[in-house]
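K.L.:
Sharing a structure here in structure tokens format.
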Amino acid sequence: MTYTIFGEQFTPKFSLPLGGELSPEDFITIDLSKKNPDLLNGTTDDVAGLHAYVFGKIEAANAKCAYGGYAEKRDLYQRSSHFADSEDFRSVHLGIDFWMPAGTDIVAPMPGRIHSFKNNDNPGDYGPTIILEHHIGNEKIHALYGHLSKVSLPGLMEGQLINRGQKIGTLGIPDENRDWPPHLHFQLIKDIGEYKGDYPGVCHKKDKKYYLENCPDPLVFFENSWSKKMVS
Ligand SMILES: [Zn+2]
């Protein structure tokens, strides 16, 4: 399977960014878009409710991880003023989320360098965040890891080399990850501009074309051995 990225044929070769032993049966997809009727009754409007919903789905499926969310239009950002910085709230999700317990190891899916890191501490924001820089052919791509634990950041250095599979952090609890059930926000960014340790993870509908082009679907970069529900 190959894809054209930056005008070059590219065979997916990212491994999973999650540590531990995981098999394809451990993954389920989850829909957090406004199309999901389960989200309309108000029970998922706070952290505890959303946690119960997502981790209840995982438990019911006897799985370990729920994932999804690229280009999803979500209403759940209305609860945070961080997303209401313009005429309407931001709602289009630009990465993929992997919902797993706090403390889960996060590992680099391919060799790279630390581009930057920061604790984005606004309510509803990423909390501790690391951005890695990877090379694909002659091009650079950045991978943002959001909602990490605070202990993930001390000791990191910009430019530091990171091997494939190397642990870069762990998933944070809601107090650290700025009020979310534990999950990794994983987002690819072609042109990161002047951003350091941060980049919009959700955009306005009107800016969707630019951001989805600049932030390609991470699922097409992953080797397809880890989930039966991968892109085919
Ligand atoms: Zn996310």
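Read the figures in this text as sums done on the coordinates, not as results from a lab. For clarity, every value in this text was computed on a predicted model and none was experimentally measured. Cβ: placed from backbone, ideal geometry, glycine included. Neighbour counts: every protein chain shown.
K.L.:
Find out how many positive minus negative residues lie around residue 117, taking Lys and Arg as positive, Asp and Glu as negative, among other residues whose Cβ is under 15 Å from that of residue 117.
P.N.:
Around residue 117, the surrounding residues sum to -1.
K.L.:
While we're here: Give me a comma-separated list of calculated 3J(HN,Hα) values for region 15-27, in order, Karplus coefficients 6.51, -1.76, 1.60 applied at θ = phi - 60°, integers in Hz, x for any Gly or Pro.
P.N.:
My calculation for region 15-27 gives 8, 5, x, 10, x, x, 8, 10, 10, x, 5, 7, 10 Hz in order.
K.L.:
Continuing with the same structure: Quick one: what are the phi-derived ³J(HN,Hα) couplings along region 101-112, Karplus 6.51/-1.76/1.60 with θ = phi - 60°, whole Hz, x for glycine and proline?
P.N.:
Each residue of region 101-112 in turn: x, 4, x, 4, 5, 10, 10, 6, x, 7, x, x Hz.
K.L.:
I've got another one for you. Hey, which lysines would be in cross-link range of residue 150, C-alpha to C-alpha under 25 Å, not counting anything within fewer than 8 residues on its own chain?
P.N.:
Answer for residue 150, where 25 Å is the Cα cut-off: 64, 118, 167, 196, listed by chain and number.
K.L.:
While we're looking at this one, here's another question. So, counting K/R as plus one and D/E as minus one, what does the shell of residues with Cβ under 14 Å around residue 210 add up to?
P.N.:
+3
K.L.:
With +1 on each Lys and Arg Cβ and -1 on each Asp and Glu Cβ, how big is the dipole of the chain about its Cα centre, in debye rounded to the nearest 20?
P.N.:
Roughly 380 debye, rounded to the nearest 20.
K.L.:
When the distances between all Cα atoms of the chain are binned every 10 Å from zero, what whole-number percent does each bin get?
P.N.:
Pairs per bin, as whole percents: 8, 34, 40, 17, 1.
K.L.:
So if each residue of separation counts as 0.36 nm, and I subtract the Cα-Cα distance between residue 167 and residue 9, what length gain in nm does that give?
P.N.:
54.0 nm
K.L.:
What are the ³J(HN,Hα) values, in whole Hz, obtained from phi via the Karplus relation 6.51 cos²θ - 1.76 cosθ + 1.60 with θ = phi - 60°, for each residue of region 38-52 in sequence order, with x given for Gly and Pro?
P.N.:
4, 8, 8, 8, x, 6, 9, 7, 10, 4, 5, x, 5, 4, 4
K.L.:
Restricting to the chain, compute how many DSSP beta bridges are antiparallel as a %, nearest 5. Please list the in-between numbers first.
P.N.:
Working: 39 of 43 bridges.
Around 90 percent of the beta bridges assigned by DSSP in the chain are antiparallel ones.
K.L.:
Taking H placed 1.01 Å from N in the peptide plane, check which residues at least 5 places from residue 116 or on another chain put their amide H under 5 Å from its amide H.
P.N.:
131, 197
K.L.:
So who's got an amide H within less than 5 Å of the one on residue 18, skipping anything under 5 residues away but keeping other chains? H placed 1.01 Å off N, in plane.
P.N.:
107
K.L.:
Hey, another quick one. Relative contact order of the chain: what whole-number percent is it, with Cα pairs under 8 angstrom and at least 6 residues apart?
P.N.:
Relative contact order, the chain: 24 percent.
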